[in-house]
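The values are calculated or read from the model by the stated rules, or taken from the named source; none is laboratory data. Predicted, not measured: the structure shown is a model, and the values here were computed from it. A quick note on method: Cβ atoms are made from the backbone with ideal geometry, for glycine too, and the neighbour counts reach across all protein chains shown.
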Amino acid sequence: MLAIAGPTANGEVMPSTWLERSLLALAAILMPAGLLHAALQNSAQAPGPASLAGQILIASPGLRDPRFDHTVILMVRHNPAGALGIVINRPLGDRPVASLLEAIGEKNDGASGSLRIFYGGPVQPEIGFVVHSADFHAPETIDIDGHVAMTSSREILRAIVDKHGPEKSLVAFGYAGWGPGQLESELGQRAWFTAPEDRKLIFDEDRDKVWDNAMAHRTQDL
């Protein structure tokens, strides 16, 4: 696994301190997210013959890396240049909507309620991503498979708070990334299973049940 940056020096997740650090950096997600968006759009022009984009990657029981133990990952891009995905079953905690808006320099306008924040992966944990249903589209939106998309911008968070955003959404910090051939190597080592993309699994399923249910629907025993 290509882990350029992680939550801690030894790769373990520290939910409270890491969440605070990530939220403090939320206001700065636009520039790096824009660069990442451009890279993803360019990589989409040359998909591999067996791309896993839009599918689910499921950590095998034998995968002992603490960063990915029992994780389920929505694959955003996968081609000869590498792969990128977002972990969807590692919630870090709920945060008041008002504090999230203040963190990105927006007026909270008496906003109430909370928003759940997820660990998206060990790479660039200072960058926020929103995985969402395809009914929302912005200039920064990356279409994954026509049913699910990903956006990294302040506007989508504001839209979610104002009830003008996508029907379904999941807010995550960081991502899982692989260099050329790395994911294929890990697949060959039987580190992962695959399964079809499932909106219920991504957005609605009890997070404690996501790995078990994804395993029950895996398409192959590697």
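Within segment 185-211, count every residue that is within 18 Å of Gly54 (Cα to Cα) and touching a residue at least 60 places away in the same chain (Cβ under 8 Å).
Quick first cut of segment 185-211, residues within 18 Å of Gly54 (Cα to Cα) only: 187, 192-205, 210-211.
Subset that is touching a residue at least 60 places away in the same chain (Cβ under 8 Å): 192-199, 201-203, 210-211.
Selection size over segment 185-211: 13.
Of all residues in segment 138-182, which are among the aromatic types (Phe, Trp, Tyr) and in contact with a helix residue (DSSP H, G or I) (Cβ under 7 Å, 6 or more places away or on another chain)? Quick ask: steps written out before the conclusion?
Step one: filter segment 138-182 for residues among the aromatic types (Phe, Trp, Tyr), giving 173, 175, 178.
Across segment 138-182, the qualifying residue is only Phe173.
Just checking, which of Ser185, Ser169 is among the polar types (S, T, N, Q) and in contact with a Ser or Thr (Cβ under 9 Å, 6 or more places away or on another chain)? Write out each step before concluding.
Details: Ser185 fails: in contact with a Ser or Thr (Cβ under 9 Å, 6 or more places away or on another chain).
Checking each option against the conditions leaves just Ser169.
For Leu92, only one of the following conditions fails: (1) modelled with pLDDT of 90 or more; (2) in contact with a helix residue (DSSP H, G or I) (Cβ under 6 Å, 6 or more places away or on another chain); (3) surrounded by 24 or more Cβ atoms within 10 Å (Cβ to Cβ). What is its number?
Status for Leu92: all satisfied but (3).
Out of everything in segment 165-213 that is of a type in the set (Ser, Thr, Tyr) and closer than 14 Å to Pro91 by Cα, what residue ends up being nearest to the chain's Cα centre (by Cα)?
Filtering segment 165-213 down to residues of a type in the set (Ser, Thr, Tyr) leaves 169, 175, 185, 194.
Restricting the remaining residues to those that are closer than 14 Å to Pro91 by Cα gives 169, 175.
Numbers: Ser169: 11, Tyr175: 6 Å.
Per the criteria, the residue is Tyr175.
Just give me the residues in segment 70-89 being charged (D, E, K, R) and modelled with pLDDT of 95 or more, in sequence order. Don't jump to the end; show me each part of the working.
So the first thing to find is which residues in segment 70-89 are charged (D, E, K, R), and the list is 77.
Of everything in segment 70-89, nothing turns out to be charged (D, E, K, R) and modelled with pLDDT of 95 or more.
Go through segment 106-153 and count every residue that is over 11 Å from the mean Cα position of the chain (by Cα) and not in a strand (DSSP E or B). Write out each step before concluding.
First, pick out the residues of segment 106-153 that are over 11 Å from the mean Cα position of the chain (by Cα): 106-116, 124, 126, 133-148, 153.
Narrowing further to those that are not in a strand (DSSP E or B): 106-113, 134-141, 144-147, 153.
Residues meeting the conditions: 21.
Yes/no per residue for (1) surrounded by fewer than 17 Cβ atoms within 10 Å (Cβ to Cβ); (2) touching a residue at least 40 places away in the same chain (Cβ under 8 Å); (3) of a type in the set (Phe, Trp, Tyr):
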position: Gln124; (1), (2), (3): no, yes, no
position: Ala134; (1), (2), (3): no, no, no
position: Pro139; (1), (2), (3): yes, no, no
position: His147; (1), (2), (3): yes, yes, no
position: Glu167; (1), (2), (3): yes, no, no
position: Phe173; (1), (2), (3): no, yes, yes
position: Leu183; (1), (2), (3): no, yes, no
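Among the residues of segment 93-101, are any small (Gly, Ala, Ser), in contact (Cβ under 8 Å) with a residue 60 or more places away in the chain, assigned to a strand (DSSP E or B) and at positive phi? It would help to see each step written out before you state the result.
Start the filter on segment 93-101 by keeping residues that are small (Gly, Ala, Ser), which leaves 93, 98-99.
So of that shortlist, the ones also in contact (Cβ under 8 Å) with a residue 60 or more places away in the chain come out as 93, 99.
From what is left, the residues that are assigned to a strand (DSSP E or B) are 93.
If we keep only those that are at positive phi as well, we get 93.
Checked segment 93-101: at least one residue is small (Gly, Ala, Ser), in contact (Cβ under 8 Å) with a residue 60 or more places away in the chain, assigned to a strand (DSSP E or B) and at positive phi.
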